[in-house]
Amino acid sequence: MSSALADLRYQWQRALGLCRRGLASLRSRGWHATWQRVRRQLAGASSRVDAGLYAPADAPFAPFAVPDSPAPRASIVIPVYNHAAHTLGCLRALAAHPPAAACEIVVVDDGSSDQTAEWLAQVNGLHFIRRARNGGFIAACSDGAAQARGEFLVFLNNDTVPQPGWLDALLQTFDAHPDAGLVGAQLLYPDGALQEAGAVVFDDGSAHNYGRFESPHDPRCASLRDADYCSGAALAIRRALFNDIGGFDPRYAPAYYEDTDLAFSVRARGKRVLYQPLSRVVHLEGVSAGTDLDSGAKAYQVRNRAIFAQKWRDALTRQPAAGSTPTPALLHAGQRQVLIVDEALPQPDRDSASLRLVNLIRLLQQEGAHVVVLAAEHAAPSSSLADLRRMGVEVWSGGAAARPAAWLATHGPRFAVAMACRHELAQRMLPLLRQHAPQTRMVLDTVDLHYLRESRAAELADSASMRHAAVRTRHAELATIQASDLTLVVSEAERELLARDAPGARVEVLSNLHDVAGPGLPFAQRHDLVFVGGFLHPPNADAVQWFVEQVLPLVRERLPTVGFHCIGAAPPPAITALARHPGVVVHGHVPDLLPAMHGMRIAVAPLRFGAGVKGKINLSMAHGQPVVATASAVEGMHLVDGVDVLVADDAQAFADAVVRLYQDEALWQQLAQHGRDNVARHFSLDAARSVVRRVFVEAEQAP
């Protein structure tokens with residue numbers, strides 16, 4: 001089948017799916033919530049207007065001050081040789097937007113003959129070193145490093161304009177990745193085009209600036225990534241590691257290939273070399289040394305390449321062949337590449353399925369995989385996009401991947417495993433994956449079994465039309481399960497159901513994934529009840545309405561001051577109207593849930609229908625917050641009533657359980673500890689590691 005026909009089939013199936021889901025949403029959510037979902041579904045990528053790059057005003061010199069800390073975390077070392085106006089611009093940028101991190105700025109004048117010494121002597125806070133004669137880039141950097149006091153050395157060319165936040169982004173990379181040894185910035189031309197997004201070194205010692213002249217927003221260049229080396233125009237390294245290596249190798253004096261050599265030395269000591277696109281630096285390439293390879297300082301680049309190739313000849317045998325075209329497939333050829341396709345990017349602060357997906361990505365990265373996320377339907381929220389890229393995920397969304405068939409035709413051959421989230425999307429993606437990525441293992445992540453949830457909702461509502469819709473969903477979901485190489489469910493209960501409904505299908509359990517947090521505040525300092533759950537999920541709206549109208553009045557008869565806090569994105573009018581009830585507070589979306597998890601005494605999960613494993617219960621238990629729940633809510637969660645959780649299904653029993661737990665500190669302590677133990681045993685990243693290895697890492701590629 002041609003790509004055009006495959007794409008047409010995908011779009012037709014998408015349109016049919018939207019119609020079916022719209023009708024189902026009308027039945028379960030009503031017209032107002034459905035219209036909001038339609039608007040989000042059909043919205044294109046929001047226009048991203050680049051606010052422009054910062055550039056200091058071109059004004060005559062006047063004295064000014066730069067940041068200078070008595071206890072710097074970072075020492076910014078700037079070697080200079082003439083070009084005083086560029087040095088002035090660089091320092092003005094540092095003064096206009098000082099980093100949050102404590103820093104000092106060390107400028108080493110390598111024998112300049114212009115106004116450099118006169119001007120820099122008048123810059124307050126600057127540590128100014130003047131060499132007696134010109135020795136070149138390496139000598140100047142070495143002198144600056146010897147005078148530095150910070151934990152980190154940050155080498156910065158004088159022909160740069162650091163953008164706001166550049167240094168903090170570099171340092172935060174070391175905090176987030178303890179195995180980082182060297183981190184380089186994203187280098188930009190003054191017009192905003194990419195100059196370098198890390199660099200690739202070939203087996204003959206030659207190098208390529210990855211992303212050169214491309215957009216800095218290109219998905220190939222916009223994520224944290226291991227690089228062969230990062231330009232010495234803007235890079236950070238721990239001072240202790242730099243000294244242990246012996247600094248820049250003097251055999252490359254006066255300059256060129258010293259930064260490439262440093263990166264290889266860092267890796268030889270078991271540390272990573274990372275490119276950080278959140279650290280943006282404008283670089284006026286060639287100002288200091290020109291661009292002519294046959295004369296001047298730039299001629300040393302040709303000589304030093306031979307020195308570098310001889311020194312690192314063994315390591316270079318593992319590099320790409322000279323003349324290769326750098327692509328994501330080439331850059332990550334030594335890693336297992338895993339594709340995750342979802343309709344939208346995960347938002348882990350809004351729903352448990354997103355949290356599970358992000359933690360799965362973390363696990364895959366810990367196992368050495370390179371993860372690519374394709375958002376096939378929705379435009380990416382900027383915060384979600386930034387968070388994933390900060391993690392080192394290659395993200396394709398919106399215009400960059402608007403036609404999945406065309407995107408897969410280019411990128412499909414590089415993946416060992418492809419996972420599609422939820423059966424509706426998988427049904428459309430599987431034919432495209434089979435055509436363009438036949439070597440991949442096709443994994444369906446059900447998230448929860450939709451037909452099970454819909455059938456239970458139909459029974460609760462006693463609706464013939466909902467039963468009919470659930471039957472259609474069952475047929476479509478089971479067909480997609482049979483067509484996949486492997487299916488993920490979140491509980492043993494769902495695996496047992498599929499053993500009956502989809503015999504022969506290979507099914508693995510990958511449940512919710514959580515970090516076990518601290519215990520939070522003690523019993524006496526906690527107050528009130530809390531529910532957490534997004535309201536685009538119909539079971540949550542039903543649960544809150546039932547709890548407020550049927551259960552909470554019975555609770556407040558005995559606990560008249562207790563409050564109920566309802567937290568979750570997109571509450572419909574019927575939920576916001578519940579705030580009129582005494583003690584009820586409807587918060588909507590809350591970006592930071594820790595105060596609620598650590599400070600409220602009990603979490604309630606009064607769900608009357610649903611499927612899967614409930615992230616709201618895991619989340620509370622991971623923070624030492626005991627839970628009162630219905631039997632439906634705790635299904636498949638390895639919880640025992642009275643030991644790990646209190647379970648009740650009718651209003652009076654649910655209220656009794658809440659009141660009992662609210663007043664009994666010993667029971668509260670027992671459930672808090674057992675709940676945390678349950679999360680560690682069944683829902684932590686370590687608990688899921690063997691399944692992730694089996695499904696994604698160790699599996700053979702499809703025949």
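Every read-out reported here was derived from the displayed coordinates using simple, explicitly stated rules and does not represent laboratory data. As the structure is a computational prediction, the values presented were derived from the model and not from experiment. Note: ideal-geometry Cβ built from the backbone for every residue, glycine included; neighbour counts use all protein chains shown.
The spacing between segment 595-662 and segment 147-216, judged by their C-alpha centroids, is 48 Å. So, R0 is 22 Å and r is the distance between the beta-carbons of Glu492 and Arg362; what FRET efficiency does that work out to, to 0.05? Efficiency, rounded to the nearest 0.05: 0.40. The fraction of all Cα pairs in segment 146-292 landing in successive 5 Å bins from 0 to the largest distance is 2, 10, 20, 25, 23, 14, 6, 1, given as whole percents.
Once the Cα-Cα distance is subtracted from the 0.36 nm per residue extended length, the Ala176 to Asp244 segment shows a gain of 22.2 nm. In this simple spin-label approximation, Ala577 and Asp650 carry label points 7 Å from Cα along the Cα→Cβ vector, and these lie 2.8 nm apart.
Report, in cubic angstrom per residue, the convex hull volume of the C-alpha atoms of the chain.
Spread over its residues, the Cα hull of the chain gives 178 Å³ apiece.
Sequence-distant contacts, meaning Cα pairs under 8 Å at least 6 residues apart, place the relative contact order of the chain at 10 percent. Helix 84-96 and the longest principal axis of the Cα set of the chain meet at an angle near 30°. For segment 356-436, the calculated P(r) over all alpha carbon pairs, in 10 Å bins from 0 to the bin holding the longest distance, is 16, 51, 33, 1 percent. With R₀ set to 45 Å, the beta-carbon distance separating Gln310 from Ala71 gives a calculated FRET efficiency near 0.60. Since only Ala193, Val108, Tyr300 are under comparison, the one whose Cα sits farthest along the positive direction of the charge dipole of the chain, derived from C-beta charges on Lys, Arg, Asp and Glu, is Ala193. Among Ile567, Ile237, Ile481, the ranking by other beta carbons within 10 Å of each residue's beta carbon, starting with the fewest, stands as Ile567, Ile481, Ile237. Here the gap between Thr410 and Asp641, fully extended at 0.36 nm per residue and compared with their Cα-Cα distance, gives a gain of 77.9 nm.
Label zone of Asp218 (point 7 Å out along Cα→Cβ, amide N under 20 Å): in segment 298-320 this covers 320. Quick one: go through segment 575-595 and flag any residue whose amide nitrogen is under 17 Å from the point 7 Å out along the Cα-to-Cβ line of His527. The answer is 582-586, 595, whose backbone nitrogens lie closer than 17 Å to the label point.
Can you give the FRET efficiency to the nearest 0.05 for Glu118 and His97, using r as the Cβ-Cβ distance and R₀ = 30 Å?
According to the calculation, E is roughly 0.75.
In this simple spin-label approximation, Ala499 and Gln147 carry label points 7 Å from Cα along the Cα→Cβ vector, and these lie 7.3 nm apart. Counting 0.36 nm for each residue step from Ala402 to Val302 and taking away their Cα separation leaves a gain of 31.7 nm.
How would segment 523-683 be classified by its alpha-carbon gyration tensor: rounded, prolate or oblate, with rounded meaning a/c under 1.5 and the a/b versus b/c comparison settling the rest? It comes out rounded by the Cα gyration axes. Volume of the convex hull of segment 333-509 (Cα atoms only), normalised per residue: 128 Å³.
Modelled label positions at Ala132 and Arg434, each set 7 Å beyond Cα in the direction of Cβ, lie 7.9 nm from each other. Cross-link partners of Lys311 among aspartates and glutamates, defined as those whose alpha carbon lies under 20 angstrom from its own and excluding same-chain residues fewer than eight positions apart: Asp203, Asp204, Asp228, Asp244, Asp249, Glu258, Asp259, Asp261.
Residue ranges 306-318, 340-352 sort as 340-352, 306-318 when ordered by packing (mean number of other C-beta atoms within 10 Å per residue, highest first).
Under the rule of -39500 (n - 2.57) per DSSP H run of 4 or more residues, summed and divided by the residues of the chain, what mean residue ellipticity at 222 nm is obtained, to the nearest 500 deg cm²/dmol?
-11500 deg cm²/dmol
Relative to the longest principal axis of the Cα atoms of the chain, the long axis of helix 31-42 makes an angle of roughly 30 degrees. Between the helical axis of 492-501 and the longest alpha-carbon principal axis of the chain there is an angle of about 70 degrees.
With the convex hull of the Cα atoms taken as the outline of segment 429-486, the averaged projected area works out to 4.2 nm².
Based on Cβ point charges of +1 for Lys and Arg and -1 for Asp and Glu, what charge dipole magnitude is obtained for segment 333-509 about its Cα centre, in debye rounded to the nearest 20?
Here the size comes out at about 480 debye.
Charged side chains reduced to their Cβ positions (Lys and Arg at +1, Asp and Glu at -1) give the chain a dipole of some 1140 debye around its Cα centre. Each of the peptides 669-677, 552-560 was scored by the mean count of other Cβ atoms within 10 Å over its residues; in descending order, highest first, they stand as 669-677, 552-560. The mean sequence separation of alpha-carbon pairs under 8 Å and at least six residues apart, normalised by the residue count of segment 623-703, gives a relative contact order of 31 percent. The spread of Cα positions in segment 74-322, taken along each principal axis and listed from longest to shortest, comes to 50, 37, 37 Å.
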